[in-house]
1. Going by the conditions given, is SER60 over 20 Å from the mean Cα position of the chain (by Cα) and closer than 30 Å to PRO222 by Cα?
2. If you check CYS130, CYS158, CYS147, which single one turns out to be of a type outside the set (Gly, Ala, Ser), out of contact with any helix residue (DSSP H, G or I) (no Cβ under 9 Å at 6 or more places or on another chain) and in a strand (DSSP E or B)?
3. Mind checking which residues of the range 135-146 are hydrophobic (A, V, I, L, M, F, W, C) and either surrounded by fewer than 18 Cβ atoms within 10 Å (Cβ to Cβ) or at pLDDT 95 or above (or both)?
4. Being surrounded by 16 or more Cβ atoms within 10 Å (Cβ to Cβ) and in contact with a Cys (Cβ under 8 Å, 6 or more places away or on another chain) narrows it down to one residue among LEU300, LEU279, LEU263; which is it?
5. List the pairs whose first member sits in the range 312-326 and is outside any helix (DSSP H, G or I), whose second member is at pLDDT below 95 and surrounded by fewer than 16 Cβ atoms within 10 Å (Cβ to Cβ), and whose Cβ atoms are under 8 Å apart, counting only residues at least 6 apart or on separate chains?
6. Being in contact with a Leu (Cβ under 7 Å, 6 or more places away or on another chain) and more than 28 Å from ALA155 (Cβ to Cβ) is the filter; apply it to the range 308-354 and report the residue that is surrounded by the fewest Cβ atoms within 10 Å (Cβ to Cβ).
7. Considering only the range 258-278, state which residues are hydrophobic (A, V, I, L, M, F, W, C) and either part of a strand (DSSP E or B) or within 29 Å of the chain's Cα centre (by Cα) (or both).
8. Taking CYS23 as the residue in question, decide whether it is out of contact with any Leu (no Cβ under 8 Å at 6 or more places or on another chain), over 29 Å from GLY127 (Cα atoms) and without any contact (Cβ under 8 Å) to a residue 24 or more places away in the chain.
Amino acid sequence: MDAGTPDGGCGCGARQCLSDGGCADCLSDPHCAAPTPFCDTALNICVQCRATNDTCDAGSYCTAQGACARGCRAGADCRSGLCLPSHDCVTCQGDVECEASRVCGSGVCGASCATSLTCPSGFECCGTRCVNTAFDPSHCGQCGQVCAGETFCGASGCRAAIVSNVCQVRQATALLDGLVEDDGAGNTLAQGLATQCAPATITTSSVPQLDSGVLDAVTGEPLLFGPMLCVGGGSFFQRSIGWLESVNLAPVRDTSTATQYRLSLRDGGAVASGAVSSLGATHDVFVIQLVRTPTGATVLNTGGFYGEGTTAGAWYFRNVLLPMRASLTSGWYVVEWTDQNANGPDAMDTFTVLAP
């Protein structure tokens with residue numbers, strides 16, 4: 001339409017007059033008011049927003065038609081920190097992190113389903129969403145089977161988060177923080193599952209903890225719940241462990257002072273303590289713990305006060321705990337380690353279980 005002038009007796013009433021004799025809702029923003037305060041000058045209609053200057057609320061974006069719709073506009077709208085061009089969040093945590101026409105199933109935004117025939121390979125239709133029943137804690141093994149409390153979705157259904165069940169996973173992913181000892185320990189945990197859990201087939205991988213979709217971009221809460229996350233190191237560098245401790249989900253947490261090391265349980269009781277000066281590269285205390293998070297992620301963690309202790313914890317898990325896992329009934333262990341030959345952890349060293 002041609003640009004024109006406001007109504008000057010052209011018969012458009014409260015609308016605006018165009019130079020060709022036609023009428024329009026608006027020629028510029030002052031002709032519009034809430035809830036559609038902007039003028040689309042190409043169509044001469046009032047709209048809710050402009051895609052070039054998106055003023056929609058967080059968790060929504062401006063469509064090509066000038067309306068605010070559900071879906072992410074930027075990474076800040078997503079717990080993963082990454083918004084896709086489709087306006088879906090990577091590793092969605094619910095329908096609110098998907099574009100309005102899609103729903104969240106097993107961390108993936110997709111179309112609503114009526115039958116499994118319309119779902120991607122490996123997914124099946126539960127209700128109206130496509131989910132992966134191989135690892136989804138809300139649909140474990142079958143639609144509607146929920147893994148509640150401190151249980152995770154394993155190859156044989158919901159399993160208690162105790163060390164004897166670690167071989168129930170299908171995937172193990174080392175979560176890397178960039179420290180040599182931590183990354184090595186995480187990979188040792190994952191490789192231990194792959195090699196010691198026969199006849200179970202467990203695939204392994206590794207991923208930096210800062211990659212989008214792995215952790216909550218702000219809090220560090222784990223978002224991935226498909227693989228078992230194998231984490232070497234403690235709360236200072238590993239964001240996921242820091243989050244577990246901050247919300248009191250970790251069975252064992254570090255409550256040390258500058259002079260006294262202390263490992264405490266959720267209720268505050270100490271399971272190991274002593275002078276910080278007594279620990280070092282050849283004598284340390286480490287924890288091994290298995291945790292299920294509210295989002296359904298499963299975290300296998302080992303960490304010492306020193307990098308060498310973290311390495312020793314991973315060695316102990318792979319070479320001692322895994323072979324005897326059938327007899328283990330706890331989800332956590334605190335072990336004192338002394339290197340007897342100053343060459344790193346091996347079978348000649350002394351390992352003393354302090355708790356449970």
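1. yes
2. None of the others qualify; the one that does is CYS158.
3. CYS140, CYS143, VAL146 - these are the residues of the range 135-146 that are hydrophobic (A, V, I, L, M, F, W, C) and either surrounded by fewer than 18 Cβ atoms within 10 Å (Cβ to Cβ) or at pLDDT 95 or above (or both).
4. Just a single option satisfies the conditions, and that option is LEU300.
5. none
6. GLU336
7. If the condition is that a residue be hydrophobic (A, V, I, L, M, F, W, C) and either part of a strand (DSSP E or B) or within 29 Å of the chain's Cα centre (by Cα) (or both), then LEU263, LEU265, ALA270, VAL271, ALA272, ALA275 are the ones that fit.
8. Judged against the criteria, CYS23 is a match.
The values are calculated or read from the model by the stated rules, or taken from the named source; none is laboratory data. Just so you know, these numbers come straight off a predicted model, no measurement behind them. Because the Cβ atoms are built from the backbone with ideal geometry, glycine has one as well, and the counts that use them run over all protein chains shown.
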